[in-house]
Ligand SMILES: C[S@@+](CC[C@H](N)C(=O)[O-])C[C@H]1O[C@@H](n2cnc3c(N)ncnc32)[C@H](O)[C@@H]1O
């Protein structure tokens, strides 16, 4: 057995151990589709820099067959093309952690012959798994740049698949080949785009990461309803996907250099947002607010900003400026979350109505309900 095949089998076993339940079809896809052709190079984090690791040695193979995300592009520079000294910037493409991919594919429930649309081709690895599950002729995958889709198309061909790999904005006009039985996004959206709903057949499935500006992203699993809407639940596993970019969506949000203003004490410290189930819940209560480093929250719409400083053995201090004390919303969300027995993501539902309204819902053990608009 080759080292690559041995590593692939070990990864499939690791994925199976880590997941709640996986069907044999999904495990089989991971056993049959290699990851290494799709990540000939990736970045490792070294302080503020991303340093490339290029392929075909033991260290590279080990990392490729680990259940971990591999960043493959930083600010448009592919790891293959990066200088040895590395580059600074933000990740713009990656190969998702295989365990998370497996849970999303499980939720997607792809059958042979299903027409599938993937938004976020990236390396092409997930598209290859989709080809294995549905048949390559049924798969359409799109990404934003020619550089990404050309490389992915080539690698997919090398492993024997020829799906439609197209350069397109996943939130824009749908690609040819629809309507689709299964739609999967591997970049995060704040709301499910209308075109995804329109392109999904009744009874079809949409699996998509819903981003959350306070950190706790989650993947939603929706079924398209006969009335044109869709409904479903969030998956258990946290999922911090890079956002779906639309032109202009990365504009700076004007965070003040210093937060000066009203000061007060709080028994709820900044570390509460480290719990991803809570930060998802809190993000629903503060939909526009952005979490910045150093315990700072900022709402670009009304300019409210708050900084929370934790002090060992003493209450935290909150400094708030602008029209709203954003930390008051987090405090109240924290109290509600604890009162409701710390709801996990999978206890929450998402209903997308035909008129475009998108509502997250929670039914408490006492029968009371809470709703948030996305
Ligand atoms: C996590 S990566 C995708 C991983 C990929 N499925 C794989 O298996 O390697 C997210 C991808 O979403 C893409 N993306 C971001 N905004 C997009 C948009 N508006 N339309 C299409 N793709 C987009 C990024 O370019 C990036 O390649």
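Each reported figure results from applying straightforward, stated rules to the coordinates on display, with no laboratory input. Keep in mind the model is a prediction, meaning the values are calculated, not measured.
Here are a few things to note about the model shown:
- Our summary of shape: the Cα atoms of segment 262-339 have principal axis extents of 34, 26, 21 Å, ordered from largest down, in whole angstrom.
- With respect to the chain, whose longest principal axis is taken over its alpha-carbon atoms, helix 146-158 is tilted by about 40°.
- Cα long-axis angle, helix 276-285 against the chain (0 to 90 degrees, to the nearest 10): 60
- Between helix 326-339 and the chain: long-axis angle, C-alpha atoms, 0 to 90°, nearest 10: 70
- For the chain, the Stokes-Einstein estimate of translational diffusion at 20 °C and a viscosity of 1.002 mPa s comes to 98 µm²/s, using the Kirkwood hydrodynamic radius over alpha-carbon pairs.
- Highest-fluctuation residue, 77, 165, 142 considered, GNM on the chain with Cα pairs under 10 Å: 77
- Taking 64, 267, 290 in turn, the Gaussian network model of the chain (Cα-Cα springs below 10 Å) assigns the largest fluctuation to 267.
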